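**Q** Encoded as C-alpha cells, here's the structure I'll be asking about.
A short reminder: the numbers here are calculations on the coordinates, not readings from a lab. Bear in mind that the values here come from a model prediction, so they are computed numbers and not experimental data. Here the Cβ positions follow ideal geometry from the backbone for every residue, glycine too, while neighbour counts run over all protein chains shown.
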Amino acid sequence: MEKIALKEYEKSIALISITDVGWSFAELKNKPKYLLQLEFDDVDNDVFIDELGRMPTEDERKKIEKKYSMFTQKEAKQIAEFYFEVADKVELLICQCEHGQSRSAAVAAAIIEYQSKEGISIFSDDNYYPNKLVFKKVLEQLIATQS
C-alpha cells in the first residue's frame, strides 16, 4: 500500500487499512479521499476454546475480546457504515492489513459476499486465509445496516 500511495491516485479510491494494536498504520504519502483506519489483532474464535476449553458466556467473551484486542461489533459497524458511505462515490475499494491475507481478506470477502454472493472466491484462493470472525461480523453488520 505504501508503494501504491507514492503517486497520486488515478481513480476515486477508498481504503480500509487495518493494523495490529500498538503498531503503526501504513505510511501513505498520498492518502485517498476516503480512509478508514482500524486497530485490532488477528485473532479468531479459536482463542475462546484455547482459553476456556469451551464456548464462553457473554461476559467471558467480552473479557477475552479485550485481552486479545479482538475484532468487535463496534469495528464491524464502522466498516459497514464506511462501505455504505463510499459505495457509490468510488471506483475502487481497497482493503489492506499487515500481510493482506487474513483480516483485510475477510473484510473484502464479506463485502463481496454482500454485493454478489461470491465471497467464497476469497476463501477458496490459497493466497488468502480470511479471519472467519471478521468475515462473519462484517457480513452481519452489512446486512443489518442495509435493513
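**Q** So which residues in the range 137-147 are farther than 18 Å from SER116 by Cβ and more than 10 Å from the chain's Cα centre (by Cα), if there are any at all? Can you show your working first?
**A** Residues of the range 137-147 farther than 18 Å from SER116 by Cβ: 137, 144, 147.
Matches in the range 137-147: ALA144, SER147.
**Q** Among residues belonging to the range 104-134 that are under 11 Å from the mean Cα position of the chain (by Cα) and more than 24 Å from LYS11 (Cα to Cα), point out the one that is surrounded by the fewest Cβ atoms within 10 Å (Cβ to Cβ). Please lay out each step first, then the result.
**A** Keep residues of the range 104-134 that are under 11 Å from the mean Cα position of the chain (by Cα), which gives 104-111, 130-134.
Now narrow it down to the ones that are more than 24 Å from LYS11 (Cα to Cα): 130-134.
Numbers: PRO130: 22, ASN131: 27, LYS132: 15, LEU133: 22, VAL134: 28.
Filtering first and then ranking leaves LYS132.
**Q** For residues in the range 37-56 being of a type in the set (Asp, Glu) and under 20 Å from the mean Cα position of the chain (by Cα), which is surrounded by the fewest Cβ atoms within 10 Å (Cβ to Cβ)? Steps first, please.
**A** Initially, the range 37-56 is screened for residues of a type in the set (Asp, Glu), giving 39, 41-42, 44, 46, 50-51.
Filter once more, so that each one left must be under 20 Å from the mean Cα position of the chain (by Cα): 39, 41-42, 44, 46.
Working: GLU39: 14, ASP41: 17, ASP42: 21, ASP44: 19, ASP46: 10.
The selected residue is ASP46.
**Q** Check VAL86 against each of (1) farther than 18 Å from PHE135 by Cα; (2) surrounded by fewer than 16 Cβ atoms within 10 Å (Cβ to Cβ); (3) out of contact with any helix residue (DSSP H, G or I) (no Cβ under 7 Å at 6 or more places or on another chain) and name the one condition it does not meet.
**A** (2)
**Q** Okay, moving on. Looking at the range 26-46, can you tell me whether even one residue there is closer than 24 Å to GLU140 by Cβ and either among the β-branched types (Val, Ile, Thr) or free of Cβ contacts under 8 Å to residues at least 12 places away in the same chain (or both)?
**A** The answer is yes, given that some residue of the range 26-46 is closer than 24 Å to GLU140 by Cβ and either among the β-branched types (Val, Ile, Thr) or free of Cβ contacts under 8 Å to residues at least 12 places away in the same chain (or both).
**Q** Quick one: would you say ALA109 is among the small types (Gly, Ala, Ser) and closer than 20 Å to LYS136 by Cβ?
**A** Working: among the small types (Gly, Ala, Ser): yes; closer than 20 Å to LYS136 by Cβ: yes.
Criteria met by ALA109.
**Q** Just give me the residues in the range 13-36 being in contact with a strand residue (DSSP E or B) (Cβ under 8 Å, 6 or more places away or on another chain), exposed (fewer than 14 other Cβ atoms within 10 Å of the Cβ) and either in a helix (DSSP H, G or I) or among the small types (Gly, Ala, Ser) (or both), in sequence order.
**A** GLY22
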